[in-house]
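**Student:** Dropping the structure in here first, questions after.
The values are calculated or read from the model by the stated rules, or taken from the named source; none is laboratory data. Values in this document were obtained by computation on a predicted structure and should not be read as measured data. Cβ placement follows ideal geometry from the backbone for every residue including glycine, while neighbour counts extend to all protein chains displayed.
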Amino acid sequence: MKFPPLLQAGDTIAITCPSGYLPPERTVFAKKTLEAWGYQVVVGQTVGHEHFYFSDTDEGRLRELQTFLDDKNVKAILMGRGGYGLSRIIDQIDFKKFKRHPKWICGFSDITVLHSHIHARLGISTIHGPMCAAFTQEAKDAAPHLLSLKKLFTGKAIKYPIPANPYNRPGKAKGVLVGGNLAILSHLSGSVSQMQTKGKILFLEDIGEYLYAADRMLLNLKRAGFFDDLAGLLIGGFSDMKDTDRPFGQNIYDIITDKVKKHSYPVCFDLPCGHLDINYALCLGGTYALEVQRNKVKLTMD
């Protein structure tokens with residue numbers, strides 16, 4: 001796995017919206033915070049622009065993302081938001097310059113398309129972490145989950161506050177961390193953007209899904225071999241889950257536990273990452289050590 005260079009004071013971070021529409025005011029505190037950390041910030045034209053559901057036409061979103069990927073002066077790209085749209089342009093992106101001069105790609109949700117594709121095709125590390133909405137006047141620039149992004153940019157250790165959970169399966173694991181949004185990983189299954197999980201620690205999160213739909217997506221990953229030969233499984237936020245009038249009969253913890261019950265690797269629930277108010281940054285492609293005990297969980301990056 002290849003890692004982009006760590007950021008230095010004065011480096012430029014670009015903000016773009018390769019998927020859904022983002023009101024321009026949602027970037028104000030993100031820009032202020034990044035500048036307070038010592039970086040220069042360039043805000044793309046897709047911010048505040050709209051084309052039906054998207055931030056721009058497929059061509060417009062592709063053009064801006066390609067520009068930032070190719071620009072040697074841009075050292076990191078913070079995605080404004082997720083939503084939907086990256087899979088419409090992923091096959092048209094030219095990664096030649098990015099491969100020679102990688103930079104940090106940061107985001108989550110629909111940005112999992114980019115994470116998975118870059119890992120599967122290029123072997124370059126990316127960041128699953130906060131996007132512009134996480135930067136608020138209340139959070140300021142010292143919120144621990146926002147500072148976790150700064151720490152990844154600069155190569156410093158992160159302490160993840162992970163609560164004990166009765167569904168956790170004890171054990172120790174060490175491996176490269178991969179994963180992201182469940183719906184997107186299921187969507188990418190069988191495509192050229194599908195990541196490989198053998199021997200790795202897999203991370204999953206999602207929001208607003210019906211329980212039966214989550215079960216179906218997890219079954220798809222199971223049948224595709226995602227859960228075979230893992231080093232460990234990390235489950236982040238599965239927020240705002242919904243049920244049908246006729247109850248599905250299992251909660252999300254039960255559903256996930258059922259899919260990996262034949263395996264013995266450690267499983268950790270409630271990692272504070274994903275569609276949550278507290279969304280810590282993860283280095284996808286980084287090597288992590290996971291230790292799950294009944295009363296505590298420790299996750300550290302080598």
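**Student:** Which residue is farthest from the chain's Cα centre (by Cα), if the candidates are limited to region 178-217 and must be within 16 Å of PHE269 (Cβ to Cβ) and hydrophobic (A, V, I, L, M, F, W, C)?
**Tutor:** That would be LEU211.
**Student:** Quick one: which of MET195, MET217 is assigned to a loop (DSSP other than H, G, I, E, B) and either in contact with a His (Cβ under 9 Å, 6 or more places away or on another chain) or at pLDDT 95 or above (or both)?
**Tutor:** Result: MET195 is the single residue among MET195, MET217 that is assigned to a loop (DSSP other than H, G, I, E, B) and either in contact with a His (Cβ under 9 Å, 6 or more places away or on another chain) or at pLDDT 95 or above (or both).
**Student:** Further question on the same structure: If you check every pair at least six apart or on different chains, which have Cβ atoms under 6 Å apart with a residue in region 206-218 that is within 11 Å of ILE256 (Cα to Cα) first and a residue that is surrounded by fewer than 22 Cβ atoms within 10 Å (Cβ to Cβ) and acidic (Asp, Glu) second?
**Tutor:** Short answer, once both residue conditions are applied: LEU211/ASP243.
**Student:** A further question follows. Name the one entry in ILE127, ILE111 that is outside the structural domain of SER189 (by TED's automatic domain parsing), crowded, with 17+ Cβ neighbours inside 10 Å and assigned to a strand (DSSP E or B). Show your work before the answer.
**Tutor:** Numbers: ILE111 fails: assigned to a strand (DSSP E or B).
It is ILE127.
**Student:** If you don't mind, another one. Residues in region 45-100 that are charged (D, E, K, R), over 19 Å from the mean Cα position of the chain (by Cα) and under 13 Å from LEU22 (Cβ atoms): how many? Talk me through it step by step, then tell me what you get.
**Tutor:** Step one: list which residues in region 45-100 are charged (D, E, K, R), which gives 50, 56, 58-59, 61, 63-64, 70-72, 75, 81, 88, 91, 94, 96-97, 99-100.
With over 19 Å from the mean Cα position of the chain (by Cα) added as a condition, the list becomes 50, 56, 58-59, 61, 63-64, 70-72, 91, 94, 96-97, 99-100.
Restricting the remaining residues to those that are under 13 Å from LEU22 (Cβ atoms) gives 50, 56, 61, 64.
The qualifying residues number 4.
**Student:** Among LYS159, LYS172, LYS222, which is in a helix (DSSP H, G or I) and either touching an Asp or Glu at 6+ places or on another chain (Cβ under 6 Å) or of a type in the set (Lys, Arg) (or both)? Let's see the steps before the verdict.
**Tutor:** Details: LYS159 fails: in a helix (DSSP H, G or I); LYS172 fails: in a helix (DSSP H, G or I).
Selected residue: LYS222, the only one of LYS159, LYS172, LYS222 that is in a helix (DSSP H, G or I) and either touching an Asp or Glu at 6+ places or on another chain (Cβ under 6 Å) or of a type in the set (Lys, Arg) (or both).
**Student:** Has region 253-271 got at least one residue that is surrounded by fewer than 22 Cβ atoms within 10 Å (Cβ to Cβ), in a strand (DSSP E or B) and in contact (Cβ under 8 Å) with a residue 12 or more places away in the chain?
**Tutor:** Checked region 253-271: no residue is surrounded by fewer than 22 Cβ atoms within 10 Å (Cβ to Cβ), in a strand (DSSP E or B) and in contact (Cβ under 8 Å) with a residue 12 or more places away in the chain.
**Student:** Could you list, in sequence order, all residues of region 1-36 that are in a helix (DSSP H, G or I), of a type in the set (Gly, Ala, Ser) and touching a Gly at 6+ places or on another chain (Cβ under 9 Å)?
**Tutor:** Within region 1-36, just ALA30 meets the criteria.
**Student:** Could you please give the count of residues in region 130-144 that are within 21 Å of THR12 (Cα to Cα) and outside any loop (DSSP other than H, G, I, E, B)?
**Tutor:** So the count comes out to 3.
**Student:** How about region 11-27: which of its residues are closer than 12 Å to VAL42 by Cα and not charged (D, E, K, R)? Working first, answer last.
**Tutor:** Let us first name the residues in region 11-27 that are closer than 12 Å to VAL42 by Cα, namely 11-16, 27.
Result: THR12, ILE13, ALA14, ILE15, THR16, THR27.
**Student:** Moving on to the next point. Find the residue count for region 148-166, including only residues that are hydrophobic (A, V, I, L, M, F, W, C) and farther than 18 Å from LYS75 by Cα.
**Tutor:** First, the residues of region 148-166 that are hydrophobic (A, V, I, L, M, F, W, C): 149, 152-153, 157-158, 162, 164.
Then drop every residue that is not farther than 18 Å from LYS75 by Cα, which leaves 157-158, 162, 164.
Of the residues in that region, 4 qualify.
Yes/no per residue for (1) without any contact (Cβ under 8 Å) to a residue 24 or more places away in the chain; (2) more than 19 Å from ASN279 (Cβ to Cβ); (3) outside the structural domain of HIS187 (by TED's automatic domain parsing); (4) in contact with a Lys or Arg (Cβ under 6 Å, 6 or more places away or on another chain):
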| site | (1), (2), (3), (4) |
| --- | --- |
| ARG26 | no, no, yes, no |
| HIS49 | no, yes, yes, no |
| THR67 | yes, yes, yes, no |
| ALA76 | no, no, yes, yes |
| CYS106 | no, no, yes, no |
| ALA120 | no, yes, yes, no |
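**Student:** Here's something else I'd like to know. Tally up the residues in region 184-212 that are touching a helix residue (DSSP H, G or I) at 6+ places or on another chain (Cβ under 8 Å), crowded, with 18+ Cβ neighbours inside 10 Å and of a type in the set (A, V, I, L, M), please.
**Tutor:** Counting residues in region 184-212 that are touching a helix residue (DSSP H, G or I) at 6+ places or on another chain (Cβ under 8 Å), crowded, with 18+ Cβ neighbours inside 10 Å and of a type in the set (A, V, I, L, M) gives 6.
**Student:** Quick one: in region 272-302, which of the residues that are touching a Cys at 6+ places or on another chain (Cβ under 7 Å) and over 22 Å from SER125 (Cβ atoms) is surrounded by the fewest Cβ atoms within 10 Å (Cβ to Cβ)? Before the answer, list the steps.
**Tutor:** Here is the first cut: in region 272-302, the ones touching a Cys at 6+ places or on another chain (Cβ under 7 Å) are 279-280, 282, 290, 292, 297, 301.
Then keep just the ones that are over 22 Å from SER125 (Cβ atoms); that gives 292, 297.
Details: VAL292: 25, VAL297: 23.
By that ranking, first place goes to VAL297.
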